[in-house]
Every structure is written in structure tokens, then in C-alpha cells.
1. Across the chain, what fraction of all alpha-carbon pairs, as a whole percent, falls in each successive 10 Å bin from zero upward?
2. Could you pull out the trypsin sites (Lys or Arg not before Pro) across the stretch 146-197 that fall in loop regions by DSSP (anything but H, G, I, E, B) with no more than 13 other Cβ atoms inside 10 Å?
3. Only Cα pairs under 8 Å and at least 6 apart count here; give the relative contact order of the chain as a rounded whole percent.
4. Provide, as a two-decimal number, the C-alpha radius of gyration of the stretch 50-173 over 2.2 N^0.38 Å, N being how many residues it has.
5. Per residue, how much accessible area does the chain have with a 1.4 Å probe, in Å²?
6. Taking the Cα centre of the chain as origin, sum charge times position over the Cβ atoms of Lys and Arg (+1) and Asp and Glu (-1), and report the length of that vector in debye to the nearest 20.
7. With n ≥ 4 as the cut-off for DSSP H runs, can you work out [θ] at 222 nm for the chain, using -39500 (n - 2.57) per run divided by the number of residues, rounded to the nearest 500?
8. Ranked highest first by the average count of other Cβ atoms within 10 Å around their residues, in what order do 4-16, 250-262 fall?
Amino acid sequence: LGSLDESECFVPAGPFLVGRDAHVPEGLPAAELWVDDFIIQRFHVTYAEYQQYLQSLSDAGRETELETALPVIDAAASGTSGKSCFVVRDGRVELVEDASGTLPSPEWPIGTVNFRQAVRYAAWRSEVTGQSWRVLDEFEWEKAARGVDARIYPWGNAYTPCWSNAELSREAMSPVDVDSHPVDCSVYGVRGMGGNMSQWTSSAWDPTLTLSGYQRVPPQTPPETEGVMRVFRGGCWMLPEVFTRTSNRIGFQETDGVAHVGFRVGRTIRRP
């Protein structure tokens, strides 16, 4: 396993209870699944971290990749012009106001990143660190959020709006810095899974998934396929309490950048 830094959380191998929440419209039926050891980032990827990624692409002269990596809210879905919150001036990547006129804090969780951009960030992080980072699948996400006791929320089974950053948590709805809301913490120490920014997973969206006889395949980076929808998980600053529940799940087109969806990455532990 080796030593972890403060930005990483270890989730041990073993079975856990999936689904089983009648209040979640698109939730999974009750099942027990095995998940291998893995490491997950304690916090969402922030605007500052994503800016470092973009700056690295700019410094390396990877202009085509840089242009593809700029997060833009999907114009058709949002009714906006698709303005990015990053601009490149004389080779320097700068954080600017988004399409709504809001200047994100560098320590906010990154939003408007589509699934493919999240996968490419993970690949870049792997290059830089020499570790195999990836976007986790939805079952890894769910275990990291709820542990093995089938808790309804990351922190337990009771809900108070101020414990996470969700629709009713604050009068002015917006993201907040990732180290806010310390109660929004799973048994493994993972923060912000019940609010602030929803997160992409690598799992393809299948609303008919039953888990009867289901066999998980080894997690891997999925290929880019047109028309595929990916599952996103977790509560966020603009969605109601049901999204805060650890078993809630929904799907978006993997090419859509959405204001309330970002990501975090994890990695498999390679045993000798």
C-alpha cells in the first residue's frame, strides 16, 4: 500500500451493500457487491488543480489538447453561449468569470467538465505522478461514500441541510471551497460526496440495471464512444436532498459540460 498523503483516502477491499433506497427514483435494487482495494482523492478536483493541468498543456505546446480540455457549459442544455471560465493569454491560463458572470474561487470543485475531459485529466495526472489515476466506477464511488453499513448519507442516516452544500443549505446557491462543510465526510474520510459538486463515474448509464447475477469487470478507462451516457453521483450546490443520498444515480451524455457536475479521481492498488 505504501504511504498516503493527506489528499488521499484508502478504501479497503470487501463486500458492501448497494442501492436499497426507496426514496431514490433511479436507484439500484438491494445487492451485495465486492470491490477491491482502491485509493480515492479526499476532495474534488479544484479549479486550481485543473488550471495546473491546462497550464501544463500550454507549456508543452499541446495546443490542440489544451483547446479540447477547456471546460464549457453545454450551450444547448444551458441556453448560454458556452463561455469557458478559463482563457489563455500569451501562453498563460487564467481563471475568469463564467457564462453567468461568476468568478470561481480556485478552491471550488471544478464544474462544467465533461466526462471525456475528466478522463484526460486523469491520464495527465498519471503521466505526472507515475501512478495510474482514473475516474472511478459508480460502485467504487458508492462504497467510498456509504461504507459497509448502507448509510443513507456519507455521514450517517439523518439529514440536516447545513451539513452539506445543497439546494437548501444556503440562501445564495453556489459552490463553496472543497474544505467547507466538514460534516460532509464519509467513514473513509472522503469529503464532499453529499454536496457541493456532483461527480462523474466511468460507469455507462443503464436505467434497467438489476444486478441479478451481475459481475463487475476490472475497472479501466472506457473508450470514447459516441452517444454514451455516463453515471454521475453525489449531491451538489443546486440540487435537492435526494441527490445527497449515497445511492442516488443519474446519467448524462459524456460529452456534456454541466454547471453542477465535476469529478475526482482514484487509483487501483497494485499488490505485489
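The values are calculated or read from the model by the stated rules, or taken from the named source; none is laboratory data. All figures in this text were calculated on a predicted structure; none of them were measured in a lab. Here the Cβ is made from the backbone with ideal geometry for all residues, glycine too, and neighbour counts use every protein chain on show. For the accessible areas, the whole protein counts, side chains as well, though only heavy atoms, and no ligand, DNA or RNA atoms are used. Shrake-Rupley method; radii C 1.70, N 1.55, O 1.52, S 1.80 Å.
1. Here the calculated profile for the chain is 7, 31, 38, 20, 4, 0.
2. Arg170
3. On the way: 615 pairs, mean separation 70.0, N = 272.
This gives 26 percent for the chain.
4. On the way: Rg = 17.5 Å, N = 124, 2.2 N^0.38 = 13.7 Å.
The reported ratio for this selection is 1.28.
5. Heavy-atom accessible area per residue stands at 45 Å².
6. Magnitude of the dipole: close to 540 debye.
7. Rounded to the nearest 500, it is -5000 deg cm²/dmol.
8. Numbers: 4-16: 13.8, 250-262: 21.2.
Highest to lowest by the protection proxy: 250-262, 4-16.
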